[in-house]
1. Output yes when any residue across the range 136-152 is of a type in the set (S, T, N, Q) and modelled with pLDDT of 75 or more, and no when none is.
2. If I filter the range 534-590 down to residues being more than 21 Å from Leu361 (Cβ to Cβ) and not in a helix (DSSP H, G or I), which single residue comes out as least open to solvent (accessible area, probe 1.4 Å)?
3. State whether one or more residues within the range 576-584 are at pLDDT 90 or above, touching a Phe, Trp or Tyr at 6+ places or on another chain (Cβ under 9 Å) and farther than 30 Å from Asp680 by Cα.
4. Val27 passes all but one of (1) open to solvent by less than 70 Å² (accessible area, probe 1.4 Å); (2) at pLDDT below 80; which number fails?
5. Answer yes if at least one residue in the range 582-597 is of a type in the set (Phe, Trp, Tyr), closer than 26 Å to Ile795 by Cβ and in contact (Cβ under 8 Å) with a residue 12 or more places away in the chain, and no otherwise.
6. Against the conditions (1) open to solvent by 60 Å² or more (accessible area, probe 1.4 Å); (2) among the β-branched types (Val, Ile, Thr); (3) not in a helix (DSSP H, G or I), where does Thr277 fall short? Just the number, please.
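The values are calculated or read from the model by the stated rules, or taken from the named source; none is laboratory data. None of the values given here were measured: they were computed from a predicted structure. Every residue, glycine among them, receives a Cβ derived from its backbone with ideal geometry; neighbour counts consider all protein chains shown. Each accessible area value is taken on the protein alone, full model and side chains, heavy atoms only, with ligands, DNA and RNA left out. Shrake-Rupley method; radii C 1.70, N 1.55, O 1.52, S 1.80 Å.
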Amino acid sequence: MTARRTPNRPRFTTPLADARKVVFRAVARPFNWFRPTTRFAIGFTTLTLLTTLLLAKTHTQVPAQLYGGGEVVRSNIIAPADISTEDPYETERRRAEAAITTPPVWVYDPTRVETAVQNFRSAWEDVRAQVAVRPPAGDARNNATRNSNVERPAPRWPGVPDEDAAAHAARAVIDHQFDAATLERLTRLIRESGDNYVYDENEVRQLKPEIQLVDARNGMRSSINTMQSRLVSLAAARSSLRARLLGQLVGWTADEREAVSGVVEPAIVPTMTFDRTATEAARRAAAGAVAPAIIALKRNQIVAREGDTVTPQMLAQFAAIRAYSQTQRRPNHFIGLFFIVAALYGAAWRYIDYRSTITTLPISKSRSFTLIGTALLVELTLLRIGFIVADSIAAQSLVPPMNDPMLWSFAIPFAAAALLLALLVDSQLALMTGVLTALFAGLLAPNGMLMACYAMVSSSAAIYGIGRYRERQSVTLAGVFVGAINMAMALAVLLATQQPLTLNSIALAAACGIAGGLLTTIFTAGGLPVNESLFGIITDVKLLELSNADLPVLGQLALRAPGTNQHSHAVSQLAEEACRAIDANPLLARIGALYHDIGKLAAPDMFVENQAGDNPHDRLRPTQSARIIISHVTYGLRLAKEIGLHKLISDFIPQHHGTRTLHFFLRKAQAQAAEGEVIDEQEFRYPGPKPQYKETAIMMLADSCEAAARSLARPDPESIRTIVTKIFDAIVSDGQLDECDLSLRELTKIRESIITSLTAIYHARIDYPGFNPPSLSPSLAPLPEPQLDTEERGISYHKPSEIPISKGGEVEDEAVTRES
């Protein structure tokens, strides 16, 4: 929990930082319900599943949008397996052709002629009946009728819409006394028209060279050739009837023949009609009877070669390959990829575990694996999007080399994940990330092996082309270097694929390679601060930001504890030079030294470097003094947690004191104890732990040596060497360096570095013999007493042996009373 802030204590964090901590705790709370092994298993499975989804090919290497009829194949297309599948396009074409070629169905009904004859006879008799109801000419009723003003209508031929034509036809028949021979002649002509297949002109489009004719009387079906059969249109049949009728009505006037012809022609009706329902059923049956068209491809069969013109047959084969990949192969493809990715991530985890045993990683093993996994997920997303964009750009152009997706793929930032790991964690883990990126690129790219080599070289250039991440422009320089290597590798890939080396292709490949380096810079620079915060990684740039004197904690330290601030800066110089001597991290040691005593902000006057007069400990019991001095460690840790200080920095707070005891306060308490009173030594011991790594061990040594050297009245080189050697021996004898991996040779180098640095800092002032400052005139007021400088605070000792150094190698000036 964060330290409680008293009303008079300044705020060291912003409200935004406090809100961010609350959000992070709320997000992490559900994960804390599981055991660490369960959390790791869930995370590993989720990472593997997401990677598999990104790697799974939802489209084949011959997407439909890239090729159309008449286009040129850009690369060899090979059948991935034995494929035998239905060709839906060819099958549909054949079925449509079968439906079109199916003869239409017509119904032949000769009974319609006889029906027409009977209807004509009925009309004839109807006219006769109309005449029969009229009275004879000499009948008295006729005379009565004539005398009346009512006039009866003239006889009309029934069924004729034109009243004049109906009246003329009836009058012609009446005038010829309803000649029976004429009636038989007319009905014979109507019957003779039924000897042919009469059809309606409105259905002539349904006539094909061959038709299916169904006899309406018995349902028998027969195929007839319309070119050889007696097919007559309705108009032709009526015209023929008209010509014969005009020729056979002898003794009839022209008007009478025309009138009779007008009522006889409608009696001619079609004897065959088109049956739409039966035709559609026949066509459906014919289409259904067509066997599916089969495409048979063999494994590794070259379906199309680079440069071939796409034909309809090729399009059908492309569709078969796509269908096979998207249906039959997709489950197998996904399952296989899942186990491959799981094996790769398992190998990565084992390598991280091995790497953590031979070197100190800036973050834990699990966090390193999580960082690699998330970086690879982002990198895979970039790869997937990049290949899709490259294919889309190439598909929009038909002019080489702009239509080659491989050239556009050179612009993908393959090295972004590897560069991120190199800057944040470790170059060896970054190389492993580059290998995984190259393998994944090979699985995604059409020309997998060459693109995998390109990605591997690009990642290697990013990893080993830069030094330490000490400034933001390191990422830019790395991107420029990667772009230059990409350009050379792009030309090498062009040569390996035997592409024509035209000026346009070389320029496009080089430009895309440089673009890949620039995009690597952009994505890496964007991911650095995010991953620094999420994974708690402290980089050299972050360390430099922590050295800013305007930060609230450092500002308060300089204002409220100037002696401690001066001491921290002096120790930082000593620790930095000592780390350089043994190839440790000098920047980490310097920043850790700046923060190692921030706990003294709670009571700065209780520490000798901040005291300008009396010693407050002279008025306190030894146990109280020890509790106050030791509390600067616990309070410092609480303050470090409150301001979000990284663990690597906050570790300097407890480890620079280790588990040493406040020896002189303990002896003072024992001397003041009453008879029989037992003094608990744990009340006078720092909580620890002992230094766990080289930088904190160097910090412990430099802290004690600087305090001792500052206590010397005349810190000459001999005195400095004496006191430093004494402190080193005391710390080693107390076992404070047992838990870090410092060797005796490294301790010797550290000791000599600290001696050299202290000699340079506390060099003796030169006395000028024969120079006497002028005496002040008695009449003049005396000069004011100078304020004590930071180096002169506390007590000065003329001999190294007088400095109160405890058994653990600490200077305990606070235990010495000012009177003594």
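1. Looking for residues that are of a type in the set (S, T, N, Q) and modelled with pLDDT of 75 or more, one finds none in the range 136-152, hence no.
2. Ala561
3. Within the range 576-584 (the criterion being at pLDDT 90 or above, touching a Phe, Trp or Tyr at 6+ places or on another chain (Cβ under 9 Å) and farther than 30 Å from Asp680 by Cα), the answer is yes, since at least one residue qualifies.
4. Unmet condition: (1).
5. No: zero hits.
6. For Thr277, the failing item is (3).
Residues checked against (1) more than 30 Å from Gly536 (Cα to Cα); (2) open to solvent by 40 Å² or more (accessible area, probe 1.4 Å); (3) more than 23 Å from the chain's Cα centre (by Cα):
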{"residue": "Trp408", "(1), (2), (3)": "yes, yes, no"}
{"residue": "Ala418", "(1), (2), (3)": "no, no, no"}
{"residue": "Val425", "(1), (2), (3)": "no, no, yes"}
{"residue": "Gln428", "(1), (2), (3)": "no, yes, yes"}
{"residue": "Met432", "(1), (2), (3)": "no, no, no"}
{"residue": "Val435", "(1), (2), (3)": "no, yes, no"}
{"residue": "Gly442", "(1), (2), (3)": "yes, no, no"}
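Residue-by-condition table, conditions (1) open to solvent by 70 Å² or more (accessible area, probe 1.4 Å); (2) out of contact with any helix residue (DSSP H, G or I) (no Cβ under 7 Å at 6 or more places or on another chain):
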{"position": "Ala181", "(1), (2)": "no, yes"}
{"position": "Leu186", "(1), (2)": "no, no"}
{"position": "Gln248", "(1), (2)": "no, no"}
{"position": "Pro266", "(1), (2)": "yes, yes"}
